[in-house]
Amino acid sequence: MPTQEEVKTILDTVLVPGAMRSLVKMNLVKDINVADGKVDVTLANAALMKGTQDWLEDKIRNTADKLDGVKEVNINYLEAKPKELNSINSVIAIMSGKGGVGKSLVASLAAIALHRQGYEVGILDADITGPSIPKMFGISGLPAMSETGILPVLSRSGVEIMSINLLLPSEDEAVIWRGPLIGHAITQFWEDVLWGKLDYLIVDLPPGTADAPLTVMQQFPISGIIIVFTPQDLTTMVVRKAVKMARQMNKSIIGVVENMSYLYIPEVNKKMEIFGRSRGEEMAQAAGAPLLGKLPIDPELAKLSDEGNIERYSSEIYNAFAQKLTGVLINKNKLT
């Protein structure tokens, strides 16, 4: 006769169609009961269409029947909403005081870095009017969904992603919405998407300090904020605005990232500071947070992002950023 833990182990091999993560990792397994050769499994029905539920029943029966001593397998469904099932340890917001600084790029690189360390990671693209995350990861198509919720799309390496671009007729469709509608869409991505069990959810905020970032700050349990900027004279002012917003909302700034810090020319072994001298240390001091990295303008990174292959990117500078980011988050978790 199998134990509950043995049944749970085999359920962890059953992938949810559309999400391609296991029933256990999607936190859909609500109860397991084993007695007298009979296995009863209760699943939550959040975001699962009827056809998907039927498929899962057959898959679970065929898998559980292989366990010694199992004579009968019953599957029941329990009404549930995604927000009741989601179990996310840390929500990290990626913020910038202005647009065009590479915030979405840093959000993507941060998620990839954490996933490579073995963490379960998702990206919530809250930049409703300027979504770019799906393009960089090379994903498209309508997410699986039902009346009870939406399933995020899994990237090639296993990062969960939800973006408004995945719900539009085409990726170049313009989203011409007023603030309240944008805020509602962001809230839906938090409450109506079945993220399941995640170590980190990276939230790519819209630039600035207006309605959309405010919605995230007020309604999401933000664990920490990373501020992205570029080395320009304007940087000082916009970073300080972002810092003040974070502090007014009582949110912790866990680090800053200087993007497009320089362009390295290998032929002459020289770094060109195209946008001016680095202000990394200065901005870290202003934010009262560590400088996680100075990311250069890298043609290879730009190429991979355009091709939808950002998950293939690697470099010494990026690896150093990943190590610093992971260290900061681990230390923060120890303190909390």
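List of remarks:
- Checked against (1) out of contact with any Ser or Thr (no Cβ under 7 Å at 6 or more places or on another chain); (2) of a type in the set (D, E, K, R); (3) surrounded by fewer than 22 Cβ atoms within 10 Å (Cβ to Cβ), Arg21 passes all but condition (3).
- Each residue in segment 144-156 was checked for being in a loop (DSSP other than H, G, I, E, B) and surrounded by 14 or more Cβ atoms within 10 Å (Cβ to Cβ), and 5 of them qualify.
- Neighbours by Cβ (under 6 Å, 6+ apart or cross-chain): first from segment 1-22, not assigned by TED's automatic domain parsing to the domain that holds Gly149; second modelled with pLDDT of 95 or more and exposed (fewer than 15 other Cβ atoms within 10 Å of the Cβ): Ser22/Asp12
- Subset of segment 85-104 [outside any loop (DSSP other than H, G, I, E, B), closer than 21 Å to Thr235 by Cα and out of contact with any helix residue (DSSP H, G or I) (no Cβ under 7 Å at 6 or more places or on another chain)]: Lys103
- Lone unmet requirement of (1) within 22 Å of Ala46 (Cα to Cα); (2) free of Cβ contacts under 8 Å to residues at least 12 places away in the same chain for Asp125: (2)
- Helices (runs of 4 or more DSSP H) contained entirely in segment 226-336, each with at least 1 residues that are under 19 Å from Met95 (Cβ atoms) and aromatic (Phe, Trp, Tyr): 316-335
- Filter result (over 19 Å from Tyr119 (Cα atoms), touching a helix residue (DSSP H, G or I) at 6+ places or on another chain (Cβ under 8 Å) and either assigned to a strand (DSSP E or B) or not aliphatic (A, V, I, L, M) (or both)) within segment 3-27: Pro17, Gly18
- Boolean, Met245 is surrounded by 15 or more Cβ atoms within 10 Å (Cβ to Cβ), of a type in the set (A, V, I, L, M, F, W, C) and in the same structural domain as Gln117 (by TED's automatic domain parsing): yes
- Count of segment 321-332 residues, restricted to those that are surrounded by 14 or more Cβ atoms within 10 Å (Cβ to Cβ) and more than 17 Å from the chain's Cα centre (by Cα), is 5.
- Among the candidates Asp54, Asp31, Asp65, the residue that is modelled with pLDDT under 95 and either closer than 22 Å to Leu154 by Cα or acidic (Asp, Glu) (or both) is uniquely Asp65.
- Residue that is surrounded by fewer than 24 Cβ atoms within 10 Å (Cβ to Cβ), free of Cβ contacts under 8 Å to residues at least 12 places away in the same chain and either under 30 Å from Gly51 (Cβ atoms) or not assigned by TED's automatic domain parsing to the domain that holds Val24 (or both), where the choices are Gly141, Gly118: Gly118
- With respect to the conditions (1) surrounded by 18 or more Cβ atoms within 10 Å (Cβ to Cβ); (2) farther than 27 Å from Asp127 by Cβ; (3) at pLDDT below 95, Gly97 lacks only one, and its number is (2).
- Residues that are surrounded by fewer than 24 Cβ atoms within 10 Å (Cβ to Cβ) and out of contact with any Asp or Glu (no Cβ under 8 Å at 6 or more places or on another chain), drawn from segment 106-115: Ala113, His115
- The listed residue being at pLDDT 95 or above and touching a Phe, Trp or Tyr at 6+ places or on another chain (Cβ under 9 Å), out of Ala80, Ala107, Ala111, Ala185: Ala111
The values are calculated or read from the model by the stated rules, or taken from the named source; none is laboratory data. Note that the coordinates shown come from a computational prediction; the quantities given were computed from them, not determined experimentally. When we count neighbours, we look across all protein chains shown, and the Cβ atoms used for this are built from the backbone with ideal geometry, even at glycine.
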